[in-house]
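The values are calculated or read from the model by the stated rules, or taken from the named source; none is laboratory data. Owing to the predicted nature of the structure, the values given are computational and were not obtained by experimental measurement. Reconstructed Cβ throughout: ideal geometry from the backbone, glycine too, with neighbour counts over all protein chains shown.
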Amino acid sequence: MCETLEKRLRVYENPHIPSSKHVIREVKVKPPPKKRGAPNGHKGATRKKPEPSNIVELKPKSCTNCNGEDFKIIRERKKTVENIKIIKTATEFHFYDCHCNLCNTDFTTKDSELPVSGNFGPDISALWTMAYYKGTVPFERLSEVSENCLDTGITMGGLHNVVYRNARIFKLQYEQIFKNVRKSKNAKSDETGISFNGKTYWLWNISSGNDTLVLIRNSRGSKVLEEVFGKFFDGVLSSDCFSAYGKFNAREYQKCWAHILRDGKDLAKHCMEGKELCKELLKMYAYIKNAKEKKLEKSQNVKRWVSRKKQLICSWIEKNYKSKAVKNLALRLIKYKNDWFTCLKYRDVEPTNNSSERDIRKNVISRKISGSHRSELGMQSREIMMSVILTAEKKGQNPFELVLNSIRNHNLGL
């Protein structure tokens, strides 16, 4: 009975469950207060002042108290104030269907501000698209904000049409991201649950370098990886220890150290065996980080160290652990003993899968706020737009400018 209750509790209290789902709140001792202010060596984060486009002189004509004109200026002060003006415009375009007598071709005059479909220009449709996907603003609230703040009333259905229509513009870019990830030699993957009409689907985040691919499928199995990479991935696949990755055939694997360290730290709270195992894992990870920072991949010293640590991990199977949880963690380490140190063979392979988790978190926030999608079109549009936005951010591009310029080019037929 006790084991059954412990098993059920672990569903809510394991180290990989977010704090918002914890049933029992752990009482933490507050540390002593730290010295206020930035630590030594902090570069600061002061915003760069823009060049003023307008100068306003506020020289006084009289005293604000008695209206007297006998006063002197003590000192002059300056402040550069940034602001925006939200001005709604309505432009009537006169455009023409034409026929060329020379080449016998029909054509229509176009403009970057004239939408191919619908009645909303590129600026506001790009703003709606980014507010929905990047800002995670639900369509209901976006409709209210648009009417109250932008003086542009639009229903939720109208927003659906605009945003999902914009997503189709990026279909070719999405397909190129898909191809880039498929051709890569180093990929990271993570997945999370997402609801679709009351059914559990899975949102996959598969990235390589600057390319990030988002997929929504009704499977959490290895067939999703086969859809992206084929039957065999000729590279290094970084992931957690979920069984689907083990069933997929890749040349090499890198298991996430962040996941295993979270498990170790959790066990260290409950027993001495857990503390000892966690201490050894922290030492290994510190060495890996140091070797990666100093770019010592493939060096002989690192190879010898990896060989010794693999032998150490294999020796843990002989230990008679009293704690079942510690024993299970040791068995997991042994099972993937060759996959913890792949990052020390390649410079571009990281020891953790944290970047994929950070990317997937952006979709998790949207899931928590709006409850995900109720149509196939909505899911496909999220796949396209989040892939494009995340890829643009990793390339150092402004995603809003990318969306805006792409809509304008689409209006011109480019």
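In the condition set (1) over 23 Å from residue 400 (Cα atoms); (2) assigned to a helix (DSSP H, G or I), residue 64 is compliant with all but (2).
Would you please name the residue that is farthest from residue 211 (Cα to Cα), looking only at residues in the stretch 368-392 that are of a type in the set (D, E, K, R) and surrounded by fewer than 17 Cβ atoms within 10 Å (Cβ to Cβ)? Step through it out loud before you land on a result.
So the first thing to find is which residues in the stretch 368-392 are of a type in the set (D, E, K, R), and the list is 368, 374, 376, 382-383.
Narrowing further to those that are surrounded by fewer than 17 Cβ atoms within 10 Å (Cβ to Cβ): 368, 374, 376.
On the way: 368: 25, 374: 27, 376: 24 Å.
Among those residues, the one meeting the criterion is 374.
As a summary of the residue check, residue 400 satisfies the conditions (1) surrounded by fewer than 19 Cβ atoms within 10 Å (Cβ to Cβ); (2) touching a Ser or Thr at 6+ places or on another chain (Cβ under 6 Å); (3) at pLDDT 95 or above except for the one numbered (2).
Test residue 57 against the stated conditions and say whether it is at pLDDT 75 or above and surrounded by fewer than 10 Cβ atoms within 10 Å (Cβ to Cβ). Let's see the steps before the verdict.
Working: at pLDDT 75 or above: yes; surrounded by fewer than 10 Cβ atoms within 10 Å (Cβ to Cβ): yes.
Yes.
Scanning for something over 30 Å from residue 312 (Cβ atoms), more than 18 Å from the chain's Cα centre (by Cα), in a helix (DSSP H, G or I) and of a type in the set (Asp, Glu), does the stretch 344-364 turn up at least one residue? No, the conditions are met nowhere in the stretch 344-364. Identify the residue in the stretch 254-269 that is in contact (Cβ under 8 Å) with a residue 40 or more places away in the chain and over 22 Å from the mean Cα position of the chain (by Cα) and, among all such residues, is farthest from residue 180 (Cα to Cα). Taking the candidates together, the pick is 267.
Residues in the stretch 142-160 that are in contact with a Ser or Thr (Cβ under 9 Å, 6 or more places away or on another chain), surrounded by 15 or more Cβ atoms within 10 Å (Cβ to Cβ) and not hydroxyl-bearing (Ser, Thr, Tyr): 154, 158, 159, 160. Figure legend. Inter-residue proximity from the stretch 214-232: first residues in contact (Cβ under 8 Å) with a residue 60 or more places away in the chain, second residues crowded, with 16+ Cβ neighbours inside 10 Å and hydrophobic (A, V, I, L, M, F, W, C), beta-carbon distance below 6 Å, spacing 6+ or different chains. Indicated pairs: 214/386; 215/204; 216/203; 216/379.
Just checking, does the stretch 161-184 include any residue being under 30 Å from residue 242 (Cβ atoms), small (Gly, Ala, Ser), surrounded by 15 or more Cβ atoms within 10 Å (Cβ to Cβ) and over 19 Å from the mean Cα position of the chain (by Cα)? For the stretch 161-184, residues under 30 Å from residue 242 (Cβ atoms), small (Gly, Ala, Ser), surrounded by 15 or more Cβ atoms within 10 Å (Cβ to Cβ) and over 19 Å from the mean Cα position of the chain (by Cα): present.
Scan the stretch 365-385 for residues that are closer than 17 Å to residue 228 by Cα and either among the hydrophobic types (A, V, I, L, M, F, W, C) or without any contact (Cβ under 8 Å) to a residue 60 or more places away in the chain (or both) and jot them down. Write out each step before concluding.
Our first condition is that a residue be closer than 17 Å to residue 228 by Cα; within the stretch 365-385, this holds for 380, 383-384.
The one that is closer than 17 Å to residue 228 by Cα and either among the hydrophobic types (A, V, I, L, M, F, W, C) or without any contact (Cβ under 8 Å) to a residue 60 or more places away in the chain (or both): 384.
Close Cβ contacts (under 7 Å, 6 or more residues apart or on different chains) running from residues in the stretch 174-187 that are over 20 Å from residue 402 (Cα atoms) to residues that are assigned to a helix (DSSP H, G or I) and among the β-branched types (Val, Ile, Thr) comprise 181/228; 182/228; 187/181. Note on the stretch 67-80: residues that are surrounded by 10 or more Cβ atoms within 10 Å (Cβ to Cβ) and either acidic (Asp, Glu) or part of a strand (DSSP E or B) (or both) total 0.
Across the stretch 213-263, what is the number of residues that are part of a strand (DSSP E or B), crowded, with 17+ Cβ neighbours inside 10 Å and not basic (Lys, Arg)? Before the answer, list the steps.
Here is the first cut: in the stretch 213-263, the ones part of a strand (DSSP E or B) are 213-217, 232-239, 249-255.
Then keep just the ones that are crowded, with 17+ Cβ neighbours inside 10 Å; that gives 213-217, 233, 235-239, 250, 252-255.
Checking which are not basic (Lys, Arg) leaves us with 213-216, 233, 235-239, 250, 252-254.
Residues in the stretch 213-263 being part of a strand (DSSP E or B), crowded, with 17+ Cβ neighbours inside 10 Å and not basic (Lys, Arg): 14 in total.
Looking at the stretch 87-103, I want the residues that are of a type in the set (Phe, Trp, Tyr) and have a partner that is surrounded by 10 or more Cβ atoms within 10 Å (Cβ to Cβ) with Cβ atoms under 6 Å, at least 6 apart or on another chain. Which pairs are those? From residues that are of a type in the set (Phe, Trp, Tyr), the pairs are 93/114; 95/109; 96/109.
Listed here are the residues, each with its yes/no results for (1) of a type outside the set (Gly, Ala, Ser); (2) assigned to a helix (DSSP H, G or I).
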| residue | (1), (2) |
| --- | --- |
| 82 | yes, no |
| 91 | yes, no |
| 99 | yes, no |
| 103 | yes, no |
| 116 | yes, no |
| 126 | no, yes |
| 132 | yes, yes |
| 146 | no, yes |
| 164 | yes, yes |
